[in-house]
1. Run lengths n ≥ 4 of DSSP H only: what is the helix-derived mean residue ellipticity at 222 nm for the chain, with -39500 (n - 2.57) per run over all residues, to the nearest 500?
2. Could you please report the charge total around THR393, scoring K, R as +1 and D, E as -1 over all other residues with beta-carbon less than 15 angstrom from its beta-carbon?
3. Less than 12 Å Cβ to Cβ from ALA348, Lys/Arg counted +1 and Asp/Glu -1: what total charge do the surrounding residues give?
4. Would you grab the residues whose amide H sits under 5 Å from the one on LEU400? Only those 5+ places off in sequence or on another chain, please, with H modelled 1.01 Å from N.
5. What is the helix-to-structure angle for 2-23, meaning the angle in degrees between its Cα long axis and the longest Cα principal axis of the chain, kept from 0 to 90 and rounded to the nearest 10?
6. Summing +1 for each Lys or Arg and -1 for each Asp or Glu, what net charge is found among the other residues whose Cβ lies under 14 Å from the Cβ of ALA460?
7. Can you put GLU647, GLU166 in order, fewest other beta carbons within 10 Å first?
8. To the nearest 20 debye, what is the magnitude of the charge dipole of the chain about its Cα centre, counting +1 on the Cβ of each Lys and Arg and -1 on the Cβ of each Asp and Glu?
Amino acid sequence: MKTTITLLCVILAFLVWSGIVQAQAPRSGNSYVNLTRKTTGGQIQPGDVLEIRMTVLLPWGFNGGTIYRARYYDDVPTNTTMLTSTTDSLRIITNEGVTFRRYTLGGGDDAGRYLASPGAGNKQVRINLGTTPGIPTNNTPTSTSNSASININGTYPFGDQPKWWEGHLFTTSFRVMVSGAVGDTIVLGAGEFRYRLSNGGSDQILSTTQYRILISAPQNLCANLVGSNFADGTFGSGTNLNRSTAPSFVIPGYVYKSDMDINLQPDSSLGDGKYAIMKNTSRYSHSNANGRKQPNCTGGIIAVADSCKYRMHEHWDISGDHTGSTTAAGNAPPAYATSAGYMLVVNADYVTSEAYRQTITGLCPNTYYEFSAWVKNICRTCGVSTNLVSTYTPGVYPNLSFEIDDVDRYTTGEIDTLGWIKKGFVFVTGPTQTSMTLSIRNNAPGGGGNDWSVDDITLATCTPNLTLTPSPTAVTCYGNQVNLSCDVRSVFSNYVNWEWERSTDGGTNWSSTGTSGTGSPALVSGEYEYDASYPSFLGDSSSHGSLYRIRVATTPANISNAACSFTATSTVQVMVNNCMWVLRTDVSLTGKIQHSKANLSWTTTNDEKNIYFEIERSIDKINFVRIGRIPAASRDIGDTYHFTDPEELNQPAYYRIKMTDGVYIKYTRIILLSTNKLEFGISSILNPFTSTISLDIVSPSADPATITIIDLYGIIQYSQTIRTTSGVNSIRLGNLHNLTPGMYILQARQNNKMVSRRILKVENR
């Protein structure tokens, strides 16, 4: 009796299983892989080779175990050309991308056929599918010429290869080269998988999605980022293994798992086509990242802490999320009931599909952003052969596409099992664009790998570098001229709008000074650079203590939007002193290199009592630090002083002497010393100008230099020969008020060396 009941249960279970499978319909998805950047990822560029793929899953037992007249059609995507060398072919590949069958492009010899000009009603690509496919006689989609049947027998593991636990899983492919130019859009062809439920029946059609791909120039990720992970970008934190609330986005066709650690359910696993927001990829929140996994789960007594049962499917890595980390290791797997950060974990579906989508608002027009994420391949031993035999390799590598407004901008390439890796790209918003939809799509099918986690999805602004001169203070004597400028540098050329701001309450409140303009960036050492200068003014009590800073943006409208413009992190404070008493002491500073150290000498006249000489050094000529302090000899006839920098000079450095009695101060000229020979050049220039140009010339010797101003017609408008000393020479060119406002070229020449700068003459204010 017991045997009979058992047999009935088995039969009933099989009938239920068969009914479920029978009810399932074939599914498909399509994608492409950039073979040129298969391991590194990147933007699609001219000359890249793409493999165009369509993946189909035929469930076990569908249509009684057989489909008929199976074939695949497609066209070459726009802005690409078919690769037609003798080594190129049409293929059937496994979900791991391994060639299972290969067909020549020409017709009449095998089941594949490519026509460069197929004629009306025909497709360029045709592959007859099935157990024994024949030679196609045409590329007409409705024609079933020599197509064959596919055996998807209802009992695992029978049926045609390649096979997976839930059915026959295969991918068609062909290869093209990107022939369009940067800015063009590739549109995939309208591919189709056609089959019939009987030999004489009508066609059943699974169609591909005609994804759009932007051809782009390569662009590095931002060095300077302002912004953070956006909504659901870090996925929050909690004590449960996985977050009970689903994310704001939905992965179409996937199942969200929210109860995997409730009472440690035995079915608490993340199967194909499922996703969860988890704090630990261990199915039981185990913290032993080095526990056993397949194929080493059997044999001998396994300690509880080392048990394979703690690993998802006995294969997955045991790891924590990435938020707060900057390395491939990420965070350690947290223990059960411990509060920790969450990450999105995806067990990819058998067919390719979208895995993330979110609409972002409040963006700035004409602004560069970085869209990036940290991604991890979480299975090193999930590979399976076409006969469902474990290979204990990574199997299918995750390969993701990043999209903006449903246009592909970037592919990650195959993500190896090396830990967390940052993937992403830089893009610029449109002239009036303030919102966009970001999405991440799976380019590789699931099954036997393609299990991955993602965290710290970020949309951040790429900011320019703003260097104020002088900084942090502009010290001057009452009635002397104050010169302020900013060097604006960026890897992009569109941060051209600038405006100076002033604060009179220590930086609490800022207001526009009314001084603004548009820069003309020049490419210098890989970055776009220009000077934005504040009009010179005389130091007096009204300017004493005021703070100045600069604000830059990509458009005039963005200047007035604090969220879309950028200010320098440093400021300049104007300090106006009564210098009448201190000015009696004059200093002449020189320097030289001795035994790899800077040796400074200065001679004074009219030394006053209680004066100290503070020796200052700077690497960038902006931020000076005191390295020594010497009291004056206090002799009216003056004296000579010496000081050696205690540190060896391993890079060029600027030096100056600050004279002070504790109340009043006065600076010497700045000199530049280097263990290497100095190169003649212009280290800084005040630009634009009105009637006076201030510039610093670096001279390797005490030879004269000639400075010339030339208009855009090549006519010399100004020329002067000046004496120089070795180091930095501060030069002022006056009486330029007669020059017509506009663009000029300033040339400085010494011996056989010449340097040039573009300068802009503006109207006197």
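Bear in mind that the values in this text are calculations on the coordinates, not laboratory data. In this text the structure is predicted, and so the values were computed from the model without any measurement. When we count neighbours, we look across all protein chains shown, and the Cβ atoms used for this are built from the backbone with ideal geometry, even at glycine.
1. After summing the helix terms and dividing by residue count, I get -1000 deg cm²/dmol.
2. Here the charged neighbours net out to -3.
3. -2
4. Close amide H contacts, sequence-distant or interchain: THR412, GLY413, ASN443.
5. 60
6. That works out to -1.
7. Neighbour counts put them in this order, fewest first: GLU647, GLU166.
8. 660
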